[in-house]
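Trainee: Please see the structure below; I have some questions.
Throughout, read-outs are computed from the coordinates displayed, never taken from laboratory work. Owing to the predicted nature of the structure, the values given are computational and were not obtained by experimental measurement. With ideal geometry, Cβ positions are generated from the backbone for all residues, glycine too; neighbour counts draw on all protein chains shown.
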């Protein structure tokens with residue numbers, strides 16, 4: 001079991017691909033574990049010539065649980081830096097989904113010297129006028145935690161029906177299996193609540209994003225009702241030179257139907273790079 005340490009916080013991580021290749025570090029969203037980034041999806045990026053690293057944010061998966069301790073997105077960004085340090089990687093491409101996108105933004109602001117590029121996906125800037133949830137999606141987000149595995153899996157499918165990608169891209173068997181695996185690995189509702197407080201406490205990042213110098217790609221789905229696409233557009237508008245790509249039909253998820261386009265879009269943006277080893 002590979003772990004990194006940020007002070008007293010232990011962060012579990014996994015890698016795919018050749019360690020000699022440039023590194024792509026993947027950062028998860030609210031309550032999501034590293035297995036949210038499917039093995040097959042990670043392997044597609046590795047096939048493009050990258051070492052792919054995924055990790056459990058604090059309060060999720062196999063990483064430390066911080067009962068009774070509040071923290072910030074900056075602290076979570078420092079967890080990501082700890083993973084790079086454990087890997088011996090001086091600079092990496094970083095990609096994050098939803099809350100992970102906000103952590104990526106924080107990395108670009110606080111640690112630009114450690115980033116080769118940043119990719120913020122289905123995320124926003126913390127400004128109240130952009131990226132807001134629809135009433136239906138917000139209700140899903142605020143629903144009480146599941147009382148058991150079966151309810152957890154069913155809630156996941158109901159959530160995808162509200163803010164997921166278009167129906168023809170959905171595979172209930174695939175989605176059930178993923179949700180069940182997540183529940184079996186770790187179910188920590190109190191950790192999700194602490195992550196929510198970290199997101200809220202970070203506040204608007206507009207002024208900081210205007211000063212970002214890291215090459216930036218911003219991805220969003222046209223059907224995302226959990227974080228409206230205006231959040232992604234605003235992110236790209238604020239970051240100098242950022243590229244914005246909106247995937248038609250994608251919601252606040254990443255079904256296998258979009259994987260190849262996603263990987264090719266990112267690989268074209270990232271391009272060839274020198275070694276990321278320290």
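Trainee: With mean projected area of the Cα convex hull in nm² as the read-out, I listed (i) 13.0; (ii) 16.6; (iii) 17.3; which label goes with the value calculated from this structure?
Mentor: (i)
Trainee: Set the Förster radius R0 to 30 Å, insert the Cβ-Cβ distance between residue 8 and residue 196 as r into 1/(1 + (r/R0)^6), and round the FRET efficiency to 0.05.
Mentor: Details: r = 22 Å, r/R0 = 0.73.
My answer for the efficiency is 0.85.
Trainee: What's the extension gain from residue 207 to residue 268 if we count 0.36 nm per residue and subtract their Cα-Cα distance? Kindly include the intermediate steps, with their values, before the conclusion.
Mentor: Details: separation 61, 0.36 × 61 = 21.96 nm, distance 2.84 nm.
Full extension from residue 207 to residue 268 adds 19.1 nm.
Trainee: For the stretch 83-201, go through all pairs of different Cα atoms, get the mean of 1/r, take its inverse, and jot down that Kirkwood value in Å. Let's see the in-between values first.
Mentor: Working: mean 1/r = 0.0603 Å⁻¹.
Kirkwood hydrodynamic radius for the stretch 83-201: 16.6 Å.
Trainee: Computed FRET efficiency, Cβ-Cβ of residue 151 and residue 69, R0 41 Å: what is it to the nearest 0.05? Display every interim value, and only then the final one.
Mentor: Details: r = 28 Å, r/R0 = 0.68.
Result of the calculation: an efficiency of 0.90.
Trainee: Another question, then. Rank 203, 126, 31 by mean-square fluctuation in a GNM of the chain with C-alpha springs under 10 angstrom and give only the top-ranked residue.
Mentor: 203
Trainee: Continuing with the same structure: Taking 2.2 N^0.38 Å as the expected size of a compact globular protein, what ratio does the Cα radius of gyration of the stretch 14-160 give against it, to two decimals?
Mentor: Here the Cα radius of gyration is 1.10 times the empirical estimate.
Trainee: Among DSSP bridges having both ends in the stretch 1-133, what percentage is antiparallel? Round to the nearest 5.
Mentor: Taking every DSSP beta bridge within the stretch 1-133, about 40 percent pair in antiparallel fashion.
Trainee: In what order do 45, 247 fall by count of nearby beta-carbon atoms within 10 Å, going from fewest to most?
Mentor: Least crowded to most crowded, the residues run 247, 45.
Trainee: Within the stretch 123-153, find all residues whose amide N lies under 18 Å from a label point positioned 7 Å from the Cα of residue 172 along Cα-to-beta-carbon.
Mentor: Counting only backbone N, you get 150-153.
Trainee: What is the antiparallel percent of DSSP beta bridges lying wholly in the chain, to the nearest 5? Can you show the working numbers first?
Mentor: Values: 10 of 33 bridges.
If I count the DSSP bridges inside the chain, around 30 percent turn out antiparallel.
Trainee: Return a whole-number percent for the relative contact order of the chain, with Cα pairs under 8 Å and 6 or more residues apart as the contact set. Present the calculation step by step, with values, prior to reporting the outcome.
Mentor: Details: 582 pairs, mean separation 63.1, N = 278.
With pairs under 8 Å counted, the relative contact order is 23 percent.
Trainee: In a Gaussian network model over the chain where Cα atoms closer than 10 Å are linked, find which of 111, 174, 220 has the largest mean-square fluctuation.
Mentor: 174
Trainee: Anyone know which of 42, 34, 186 comes out most mobile in the 10 Å Cα GNM of the chain?
Mentor: 186
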